[in-house]
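**Student:** Pasting a structure below so you can have a look.
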Amino acid sequence: MRGLFLSFEGVDGSGKTTQAALLAEHLRGLGHDVVVTREPGGTALGAALRGMLLHGVGDAPIQARAEALLFAADRAQHVGEVIAPALDRGGVVVCDRYIDSSLAYQAGGRELAADEVRRISMWACGGLLPGRTYLLDIDPEGAMGRLDRGPDRMESAGGDFRSRTRAAFLGLAREDPDRFLVLDASQPRERLAALIRADAEALLSQERP
Ligand code: TYD
């Protein structure tokens, strides 16, 4: 795979969707072939799964293990249909959430065993990891206030869930400092965008195998 895979992670309302779009626009301006995509929902199958995951199906609550498997199914389709082909042709993939969201939300938030969530997710994505993950770190309660609509099923999981999720993200970043860049998401949007741009440009100037 000749391309560069970049992911954005963070709690809900951390601003990663905005930052992913700003980075993609900048890199396109430099002439790169950029694919901006997201999880869940980066494919037609994923869009159907996203509806189930964010709004539920029927009256019964979705079981935590079923939820983990649905996110993994979304990822398997997304890697095969979108991410791997773009990387194979030498493109830059900018992905709004990826495997670390499963580890932070389904293991951290829902308290499933982290090694099990990692195993199913790594199986689903064929072991493909981003070259860089931008973790937009922010106090989750403040971030919830930035949402411009009512909370969905995941966002309604409660304050304890949100603080476990944030802590899990930070733990993942500590375990893999070469892949993660942790950024303070409460700083002004343009300053944050400039830090991310500089890092991505440095990565793009490096030789890739
Ligand atoms: P996102 O698209 O970032 O939400 P929004 O459209 O509100 O910005 O993510 C949808 C939700 O799914 C979010 O609450 C995080 C959750 N999620 C998981 O719990 N596990 C996962 O593996 C992924 C990819 C997302």
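**Student:** Say whether the condition of being assigned to a loop (DSSP other than H, G, I, E, B) and surrounded by fewer than 18 Cβ atoms within 10 Å (Cβ to Cβ) is met by at least one residue in the stretch 189-204.
**Tutor:** Within the stretch 189-204, not a single residue is assigned to a loop (DSSP other than H, G, I, E, B) and surrounded by fewer than 18 Cβ atoms within 10 Å (Cβ to Cβ).
**Student:** Of (1) among the basic types (Lys, Arg); (2) in contact with a Ser or Thr (Cβ under 9 Å, 6 or more places away or on another chain); (3) in a helix (DSSP H, G or I), ARG119 satisfies all except one. Which?
**Tutor:** Just one mismatch for ARG119, condition (2).
**Student:** Kindly indicate the residue of the stretch 74-117 that is in contact (Cβ under 8 Å) with a residue 60 or more places away in the chain and on the phi > 0 side of the Ramachandran plot and also surrounded by the fewest Cβ atoms within 10 Å (Cβ to Cβ) among those meeting that condition.
**Tutor:** GLY90
**Student:** Out of everything in the stretch 33-67 that is away from the ligand (no atom under 13 Å from the Cβ) and without any contact (Cβ under 8 Å) to a residue 12 or more places away in the chain, what residue ends up being surrounded by the fewest Cβ atoms within 10 Å (Cβ to Cβ)?
**Tutor:** Across the stretch 33-67, the extreme among qualifying residues is ASP59.
**Student:** Restrict the check to the stretch 47-61 and report whether at least one residue is at pLDDT below 95 and charged (D, E, K, R).
**Tutor:** yes
The values are calculated or read from the model by the stated rules, or taken from the named source; none is laboratory data. Predicted model, so just to flag it, every value in this text is computed and none were measured. Note that each Cβ is placed from the backbone with ideal geometry, even for glycine, and that neighbours are counted across all protein chains shown.
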